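Everything below concerns the one structure shown next.
Readers should treat all values here as calculations from the given coordinates under stated rules, not as data from a laboratory. Note that this is a predicted model, so its numbers are computed, not measured. Using ideal geometry, Cβ is built from the backbone for each residue, glycine included, and neighbour counts are taken over all protein chains shown.
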Amino acid sequence: MIQRFGEPQAAARWCAEQRAQGRTLGFVPTMGALHEGHLALVRRARAENDVVCVSIFVNPLQFDEKSDFERYPRDFEADAGALDAAGAQMAFTGTLAGFFSRELRADGSFDPAFLEDPGAPAQGLEGALRPGHFAGVATIVRRLFETVRPARAYFGQKDFQQTLVVRELARRLGAPPIVVCPTTRERDGLALSSRNVFLSAEERARAVAIPRALEAARARFAAGERRASELARVLRDSLAGFALDYATVRDPECWTGEEPQGELERAVALVALRLGAVRLIDNRALHTQDGAL
């Protein structure tokens, strides 16, 4: 039976007990509303570690829209049950005050002076469109790492720019190793997301254009195209008629805020668009057959 903790201090004690017994700890940070993509991370962590713990915390520091934060689904008990079935041994949650008791002002708000610098990977794309988002991500992930002190931490490729931010944070901290797992997809290729449930039937049908556009860019790369501008054009042409936030390419090993110039030896295509009130993001490597990095 999975252990459940409602505050991070209890979770930290449990993790310390596991490490004291010589067990390796795999860690999967989440905001809940778990789907098969999250559970795939848990199973990967279970295969590579002695025990697995999962955080479930809707972090207000990384939301730029209050309404998005307020409507984010929360069901800790249901999520914990799914994690139990997937092989996790512990799940924990908490409050902003529970995670950051010393960093809050008298009115309960977070003091911006304590926000973590997300580093160069936060430049451009999500970082430009959602100011402060990656600082909020890096701040809570650092506290989660300090709470769990895992042997390895697992993140999904779907939030690719976020994985770069987390890797940079782990590099500065000296730990833990970050394992980036391939995006889990539905049968028609759409990336699994907690936001998919908000799509209407018509929007859901249109959303399949995203993985098709990514595949079109991959096919063009496989055919020999290496110019960043042309690969990005293939993406944008494939998504004509959509409300695009961006459809672009980057060198995954040398992140830049702006679209790179010239030819790329390796490339990741990234898309963000809106269907009604729902914002979807996705990406895939163009230089690998399966799209994983």
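Per-residue ellipticity at 222 nm for the chain, helices alone: DSSP H runs ≥ 4 residues times -39500 (n - 2.57), over residue total, nearest 500 deg cm²/dmol?
Numbers: 11 runs with 113 residues, N = 293.
Value at 222 nm, helices only, nearest 500: -11500 deg cm²/dmol.
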Practice item. Based solely on C-alpha atoms, express the radius of gyration and the Dmax of segment 67-155 in angstrom. Key: 15.3, 41
Check your understanding: What FRET efficiency comes out for the pair Asp68/Thr24, r = Cβ-Cβ distance, R0 = 45 Å, nearest 0.05?
Key -> 0.80
Practice item. Calculate the radius of gyration of the Cα atoms of segment 194-285 to one decimal place, then report Dmax, the largest Cα-Cα distance, as a whole number, both in Å. Key: 13.4, 40
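Taking the Cα centre of segment 3-181 as origin, work out the dipole magnitude from +1 charges on Lys and Arg Cβ and -1 charges on Asp and Glu Cβ, in debye rounded to 20. Don't skip to the end; give the middle numbers.
Numbers: 21 positive and 22 negative charges, 120 e Å.
Using Cβ point charges on Lys, Arg, Asp and Glu, segment 3-181 gives about 580 debye.
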Exercise for review: Kindly list the residues of segment 24-45 that lie in the label zone of Asp75, defined by a backbone N under 12 Å from the point 7 Å along the Cα-to-C-beta vector.
Suggested key: 33-35
Point to revise | Computed over the chain: relative contact order in percent, which uses C-alpha pairs under 8 Å that are six or more apart | key: 17
Point to revise | q = 0.19 Å⁻¹, segment 138-206: log10 I(q)/I(0) [Debye, one scatterer per Cα] | key: -0.78
Point to revise | Nearest 10 degrees, 0 to 90: helix 133-148 Cα axis against the chain principal axis | key: 40
Study note, to complete from the structure: Quick calc: nm separation of the 7 Å Cα→Cβ label points for Phe114 and Asp84 -> 3.3
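Starting from the Cα-Cα distance between Leu129 and Ala97, subtract it from 0.36 nm times their residue separation and give me the gain in nm to one decimal. Spell out each step's value before the answer.
On the way: separation 32, 0.36 × 32 = 11.52 nm, distance 2.75 nm.
Result for the pair: 8.8 nm of gain on full extension.
From the alpha carbon gyration tensor of segment 3-181, can you work out the equivalent ellipsoid semi-axes (sqrt of 5 times each eigenvalue) and give them in Å, largest to smallest? Don't jump to the answer; show the numbers that get you there.
Values: eigenvalues 115, 66, 57 Å².
Gyration-tensor ellipsoid for segment 3-181: 24, 18, 17 Å.
Not counting the cut sites, what is the longest span of the chain without trypsin sites (Lys or Arg not before Pro) that DSSP labels loop and that have at most 10 other Cβ atoms within 10 Å? Intermediate results must be reported in sequence, preceding the final value.
Numbers: sites that count: Arg102, Arg105, Arg187.
After excluding every exposed loop site, the longest remaining stretch is 188-293.
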Study note, to complete from the structure: If one compares the long axis through the Cα atoms of helix 36-48 with the longest principal axis of the Cα atoms of the chain, the angle in degrees, nearest 10, works out at 60
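Size of the dipole of segment 194-285 about the Cα centre, Lys and Arg at +1 and Asp and Glu at -1 on the beta carbon, nothing else charged, in debye to 20? Mind dumping the intermediate values first?
Values: 15 positive and 14 negative charges, 64 e Å.
Roughly 300 debye for segment 194-285.
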